[in-house]
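Reading through the structure tokens given below for one structure.
The values are calculated or read from the model by the stated rules, or taken from the named source; none is laboratory data. As the structure is a computational prediction, the values presented were derived from the model and not from experiment. When we count neighbours, we look across all protein chains shown, and the Cβ atoms used for this are built from the backbone with ideal geometry, even at glycine. Accessible surface is based on the protein model in full, side chains and every heavy atom, while ligands, DNA and RNA are left aside. Shrake-Rupley method; radii C 1.70, N 1.55, O 1.52, S 1.80 Å.
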Amino acid sequence: MKKLITLIAISFATFFTAQKQIFEADNLKQVITKHKKVAILPFNIAITHRKQNEALNAEFNRQQEETMSNSIQTSMYTFMLRRRKDYTVEFQDVEKTNILLKRAGVFDKMNDLTKDEIAKILDVDAVISGKFENEQTRTDKQARNNVMWLGTGGKTGSGTLTMVLNDGTSGEMVWRFYKTMDDNYRKGTDDLIESMMRKLSRNFPYQK
């Protein structure tokens, strides 16, 4: 196992659990000592449907992804805000983050920018970004009748959540969290973030 970790992560310290992976850059501690303000970006969302009993409207699916993206971003900021005394940095209000991105004309074009370019636009020292991939086990009709992630809860399907921290000066990734959730995951975005951050505990870079 030690040989495998060495081969996979020459420049990263790696911690594994059955469904969780955390990566830390060798210079993580040195880099984050310079961070004072951090922005949380809207998450990239990819939703697929296991059951296709009827044609799923592409626009409805896009709206689901957009809603979930905003919900995860807001839920994470709310969690950080409630526990701000536990962290060594300040987190930028996500409303301000999104306004600045839209004002710069890059809100829908962030994949075309480096993380240091985004950090410069937002005037922050680092940025947190992420991706959530979700395969819904509900039928299309059930999905329409019970739009997920609006606090309604319920069984939503399997998914993977990735969270990444990039230094705002170099743009380099200095920390990464990856977790899988199975079909029995019965939570909305607030509970998703709550569960994720609690599992991170001591491994979150800005934890005092």
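Here are some notes:
- Within the range 62-95, the set of residues being loosely packed, with under 12 Cβ neighbours inside 10 Å and under 21 Å from ILE45 (Cα atoms) comprises GLU95 only.
- Of everything listed in (1) loosely packed, with under 15 Cβ neighbours inside 10 Å; (2) farther than 17 Å from MET196 by Cβ, the single unmet condition for PHE107 is (1).
- Against the conditions (1) within 18 Å of the chain's Cα centre (by Cα); (2) in a helix (DSSP H, G or I); (3) among the charged types (D, E, K, R), ASP108 satisfies every one except (2).
- On the stretch given as the range 163-197, residues that are modelled with pLDDT under 95, open to solvent by less than 30 Å² (accessible area, probe 1.4 Å) and either touching a Ser or Thr at 6+ places or on another chain (Cβ under 9 Å) or not in a helix (DSSP H, G or I) (or both) total 8.
- Any chance LEU28 is at pLDDT below 85, more than 16 Å from the chain's Cα centre (by Cα) and aliphatic (A, V, I, L, M): no
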